[in-house]
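We did not get these values from a lab; they are worked out from the coordinates using the rules stated. Small disclaimer: the values here were computed from a predicted structure and weren't measured. As a convention, Cβ positions derive from the backbone with ideal geometry for all residues, glycine included, and neighbour counts pool all protein chains shown.
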Amino acid sequence: MISIKNVSFGYNSHHKILRNINLEIKRGECILLCGESGCGKTTVTKLMNGLIPHFCNQCELDGEVVLDGMQVEKAELYELAESVGSVFQNPKSQFFNLDTDSELVFGMENQGKSPEEMKVRFDETIRNLQIENLLGRNIFELSGGQKQTLAFASVYAMNPAVYVLDEPTANLDSGAVECLKEQIGFLKQEGHTIIIAEHRLSFLYDLVDRAVYLKNGELIQIYSREEFHAIKEPLRKNMGLRCIREEKGTLPKALPAGIKKGLSAEGLLGGYKGQSPVFKDISFSAVPGEILAITGYNGIGKTTLIRCLCGLLKQQQGKIWLDGREMPEKARRKQCFLVMQDVNHQLFADSVWEECKMAGKDYSDEAIRQELEQLGLVPFMERHPMALSGGQKQRLAIVTAILSGKPILVFDEPTSGLDYGNMKAVAERMRRLADSERILIVVTHDREFMLSACDRILEI
């Protein structure tokens, strides 16, 4: 079905992203691409769907990629699109419409399907994926997880033979991950070929046929399902892989409102102008020395809540205090730093180093370098932020938050795109920040991170 032979690739002649990749994928297989952040997983997916080399000017590609009998380098993109469908790491980059219904049929329209065929497939997609709650919605009003679900559904509607999924669970809650697991199982039963680049591995435990482990652009090992399950924990951690089986455990509930030291919110109700409230009656406290996790299903209002806490959105009811003093929006904006779910919105400079200098105006060069070193970013100091992998961008945004010097740091899904080593590095750095009397609030669906880093949990 897919054949990659002796492939090496670089965006220029100076640096190879992939070196001598050889991989044969049979029809109907479910293949996991795994490895540390920046190892080349996303690049391999782009070889399969034709984004490489068709959208890479001046790149250097050696070797051959064949998909469903077509040489990817020579095939027309519309021919490839009939066989392979992709869900990108950032789903917003693949939307072409303003509303969900139009997005679901957009691919079918481009395939030239008749209105009758599109109606049948549209109804099948809604029914099989159970996404009735996404019908008739404005895409810009969806949560990150809902956008990810919509991107998968829009590909499913086109019914390709091959699915290429890049970090499909990055922003999904546990219920949505379980739903995705069922959907992938359904695709396997229908005989589709599925390639998944992922860091969160536990949901794939019973689904993968083989796991392909990459490191520094090289294919190191191909594991059968049984061999992958048998990897011992010390080796797994050394490989930079997240938990293969689901993590178990609970956290104490968030402290009640009214605590005099730290951030306290009581009776919060908030949303967007002219619309129904997104959340209501939220009360809690977050204190220095602890890391508070905020969790809940996709679309419940977690991101809206933290935007309100940071003063980017005015609450409709309720009050917010810092150390016993009420804080209006302007004061909160001065005290809080928010790392967004999509960090592309907050990276502005021409290099990683300049990004950090801009954020840490009061820090010495040595102090900035130390922060970069703690999160493994020193080798990329001169690289443009937009040339980084998803996980590297995430770590860079976290460094800028630290360098801001603000007492309240709020993170929205900070571990999406992070391997085990970097997830642990972020967790340890956050712990040291909490110990230095900063207030840390983390919106996350990542149970492995939550149990290793956070002290309390607010479920909304």
Restricting attention to the chain, give the cysteines that have no other cysteine Cβ less than 4.7 angstrom from their Cβ. Cys30, Cys34, Cys39, Cys179, Cys243, Cys308, Cys356, Cys454
Glu233 to Gln316: FRET efficiency via 1/(1 + (r/R0)^6), r the Cβ-Cβ distance, R0 56 Å, to the nearest 0.05? 0.75
Using r as the Cβ-Cβ distance of Leu207 and Ser93, and R0 as 35 Å, what FRET efficiency do you calculate, to the nearest 0.05? 0.85
Checking rank on 17-26, 365-374, 409-418, with mean other Cβ inside 10 Å and highest first, the result is 409-418, 17-26, 365-374
5 Å is the cut-off here: which amide hydrogens, built 1.01 Å from N in the peptide plane, fall below it relative to Gln221, excluding neighbours closer than 5 in sequence? Tyr213
What residues have an amide H closer than 5 Å to that of Glu73, excluding those fewer than 5 places away on the same chain, when H is modeled at 1.01 Å from N in the peptide plane? Val65
The distance between the Cα centres of the range 228-257 and the range 368-394, in whole Å, is 25
Once Lys119 and Lys215 are pulled to full extension, the length gained, defined as 0.36 nm per residue separation minus their Cα-Cα distance, is 30.1 nm
Those chymotrypsin sites (Phe, Trp or Tyr not before Pro) in the range 26-91 that DSSP places in a loop and that have at most 16 other beta carbons within 10 Å: Phe55
Under a straight-distance cross-link criterion of Cα-Cα below 21 Å, which lysines are reachable from Lys253, leaving out those fewer than 8 residues away in the same chain? Lys261, Lys280, Lys302, Lys319
Pairwise label distance in nanometres, Val378 with Ile222, each label 7 Å out on the Cα-Cβ vector: 3.7
Between the modelled labels at Ser13 and Phe140 (7 Å from Cα along Cα→Cβ) the distance in nm is 4.5
Could you give me the ³J(HN,Hα) list for the range 320-331, computed from phi with Karplus coefficients 6.51, -1.76, 1.60 and θ = phi - 60°, whole Hz, x at Gly and Pro? 10, 10, 10, 6, x, 10, 5, 10, x, 4, 4, 5
Efficiency by 1/(1 + (r/R0)^6): what FRET value for Arg369 and Ser276, r their Cβ-Cβ distance, R0 = 60 Å, to the nearest 0.05? 0.80
5 Å is the cut-off here: which amide hydrogens, built 1.01 Å from N in the peptide plane, fall below it relative to Ile291, excluding neighbours closer than 5 in sequence? Asp455, Arg456
Could you run the Karplus curve 6.51 cos²θ - 1.76 cosθ + 1.60 with θ = phi - 60° over the range 179-191 and give me ³J(HN,Hα) per residue in whole Hz, x for Gly and Pro? 5, 4, 4, 5, 5, 5, x, 5, 4, 4, 4, 7, x
Considering only the range 58-207, percent of DSSP beta bridges that pair antiparallel, nearest 5: 25
Please list 3J(HN,Hα) in residue order for the range 281-294, calculated via the Karplus relation 6.51 cos²θ - 1.76 cosθ + 1.60 where θ = phi - 60°; whole Hz, with x for glycine and proline. 6, 9, 9, 5, 9, 10, 10, x, x, 10, 10, 9, 8, 10
With charges set only on the Cβ (+1 for Lys and Arg, -1 for Asp and Glu), what does the dipole of the chain come to about its Cα centre, in debye to the nearest 20? 1500
So between Asp62 and Glu437, what do we pick up on full extension, going 0.36 nm a residue minus the alpha carbon distance? 129.7 nm
Out of all DSSP beta bridges in the chain, what portion is antiparallel? Express it as a percent rounded to 5. 50
Segment Gln130-Glu354, extension gain: residue separation times 0.36 nm, minus the distance between their alpha carbons: 76.1 nm
Based on alpha-carbon centroids, what's the gap between the range 322-356 and the range 124-174 in Å, whole number please? 30
Under unit Cβ charges (Lys, Arg +1; Asp, Glu -1), what dipole magnitude, rounded to 20 debye, does the range 1-44 have relative to its Cα centre? 120
